[in-house]
Amino acid sequence: MASILNEYLSKRFGFIELQDELQRLIKEYNKYTGRYMFVYASDNNKGRSRDIDVSMVQDDFYNIQDILRESTHKKIDFYIETPGGSGEAAEEIAKFLRKKFEEVNFVIAGEAKSAGTILVLSGDNIYMTDTGSLGPIDAQVRIGRSVVSAHDYKEWVDLKRAEAATSGSLNPFDAVMIAQISPGELYGVINSLEFAKDLVKCWLENHKFKNWNITRESKTPVTPEMRKERAEKVAEMFCDHTTWRTHGRSLKIEDLQEVLIIKRIDDDSKLAELVYRIKTVIRLIFLGSPVYKLFYIDDLKISKTFSVSSSSNLPIANPFTQQKGQAKTIDAVELDIQCPKCGKRHKVNGYMDINSKQISVAKLPTNKNIKENDILVCNVCNFALDLKPIKNQVETQTKRKVTFK
């Protein structure tokens with residue numbers, strides 16, 4: 001099979017074409033499966049390299065609810081890529097999806113870690129490619145200035161307690177560290193761990209295992225008690241960091257198949273082609289733009305982007321001739337924007353309190369690389385820069401409307 005990535009690179013799709021392609025693929029997925037796909041994806045690379053918070057947060061729930069609240073579909077396939085984040089946000093999203101749709105499925109072709117795994121385990125079905133992965137469940141808690149693993153934190157405290165009970169004392173460093181821990185912090189850590197575990201137990205028993213009626217090997221009828229026991233076992237397994245060793249461990253289909261029924265996407269060549277294409281296009285959107293989080297359905301898209309730095313001169317006077325020869329002076333802002341990928345500098349003119357038609361009639365100079373929706377496409381490296389954050393900043397400073405083209 002030819003490389004999907006190489007195919008798209010050879011087509012030299014720009015940012016707008018990639019957005020259109022992703023929505024085309026979503027439509028094709030919906031037609032093939034008879035279900036409705038929602039794409040929620042975060043760019044982990046920008047989270048690491050640019051120190052951007054790409055984790056699952058409460059605002060993600062608000063976006064998801066806003067996009068889907070009027071949907072009339074019965075079945076949803078929720079494509080998810082996330083490094084994790086807030087367990088409370090995962091709970092909000094899961095509750096909304098369960099209330100809104102009769103069947104909730106999750107599609108994993110990349111990473112759905114931590115809170116992402118918690119959310120996935122609320123589904124009726126899990127569809128996963130060979131590249132997809134879940135991760136150990138663990139609450140991430142803020143201790144002082146750092147965000148740490150609740151499991152690792154509690155385990156370290158328990159270890160020091162045992163050392164103190166055995167030897168009667170601690171080394172000076174550990175003693176200082178232990179002295180800074182308040183009972184409230186410790187109980188908060190314990191409660192965070194139990195919260196995640198309880199969510200998974202409840203969701204598995206009520207949703208994932210609801211149609212588990214016969215055991216695989218012995219063909220024994222499954223009782224409610226057996227479903228509850230299996231849910232507790234799976235929840236404990238995901239929370240067992242002694243087994244997984246690290247919070248970032250990738251758990252593949254083969255790691256989970258014995259305790260979870262996971263549908264392998266690669267067994268259906270047509271479905272696999274669609275999902276791998278969706279994953280590839282998402283990667284290319286992230287690589288070629290400041291977008292770090294996506295919320296897509298077949299006919300609507302929302303993206304979160306980081307701000308591109310710019311220098312500006314605010315404002316400068318420019319002559320503007322109206323129809324019938326009447327002269328009018330308008331104000332303009334001149335922006336110097338540097339492409340974060342290749343370093344090329346772009347001059348962008350923004351005009352105050354006039355619209356695109358007026359700019360065109362007056363033949364005012366504009367940057368030809370600005371496309372629809374205030375997207376500036378670098379003519380050297382094809383990187384797509386979203387000018388809306390800069391536009392918002394200028395409008396906030398000047399308290400006037402700005403138009404670029």
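The values are calculated or read from the model by the stated rules, or taken from the named source; none is laboratory data. From a predicted model like this one, the values you see are computed outputs, not experimental measurements. Positions of Cβ are backbone-derived with ideal geometry, glycine not excepted, and every protein chain shown enters the neighbour counts.
Each residue in the stretch 1-16 was checked for being exposed (fewer than 14 other Cβ atoms within 10 Å of the Cβ), in a helix (DSSP H, G or I) and not polar (S, T, N, Q), and 3 pass. When restricted to residues that are of a type outside the set (Gly, Ala, Ser) and out of contact with any Phe, Trp or Tyr (no Cβ under 9 Å at 6 or more places or on another chain), the stretch 109-123 contains 2. Selection of first residues in the stretch 244-257 that are surrounded by 15 or more Cβ atoms within 10 Å (Cβ to Cβ) and of second residues that are at pLDDT below 75, restricted to Cβ pairs under 6 Å at least 6 apart or on distinct chains, gives the following pairs, ordered by first then second residue: HIS247/ASP138; HIS247/SER149. Checking GLU102, GLU91 one by one, the residue that is surrounded by fewer than 18 Cβ atoms within 10 Å (Cβ to Cβ), charged (D, E, K, R) and farther than 29 Å from PRO290 by Cβ is GLU102 and no other. Would you check if ILE354 is within 27 Å of ILE67 (Cα to Cα), modelled with pLDDT of 75 or more and crowded, with 17+ Cβ neighbours inside 10 Å? Answer is no for this residue. Remark: LYS263 matches the filter, which requires a residue to be over 21 Å from the mean Cα position of the chain (by Cα) and in the same structural domain as GLU21 (by TED's automatic domain parsing).
Name the residues in the stretch 1-27 that are modelled with pLDDT under 90 and closer than 19 Å to VAL39 by Cα, would you? Within the stretch 1-27, PHE15, ILE16, GLU17 meet the criteria. Among residues of the stretch 102-118 that are within 19 Å of ARG277 (Cβ to Cβ) and in a loop (DSSP other than H, G, I, E, B), those with a beta-carbon under 7 Å from a residue that is aromatic (Phe, Trp, Tyr) and at pLDDT 95 or above at least six positions away or on a different chain give the pairs ALA109/TYR276.
Against the numbered list (1) modelled with pLDDT under 85; (2) in a loop (DSSP other than H, G, I, E, B), LYS210 comes up short only at (1). Of all the numbered requirements in (1) in a helix (DSSP H, G or I); (2) free of Cβ contacts under 8 Å to residues at least 40 places away in the same chain; (3) over 26 Å from ILE137 (Cβ atoms), GLU70 misses one, and that requirement is (1).
One line per residue, one yes/no per condition, for (1) outside any helix (DSSP H, G or I); (2) modelled with pLDDT of 95 or more; (3) assigned by TED's automatic domain parsing to the domain that holds LEU294:
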position: TYR32; (1), (2), (3): no, yes, yes
position: MET37; (1), (2), (3): yes, yes, yes
position: GLY47; (1), (2), (3): no, no, yes
position: ASP51; (1), (2), (3): yes, no, yes
position: ASP59; (1), (2), (3): no, yes, yes
position: GLN65; (1), (2), (3): no, yes, yes
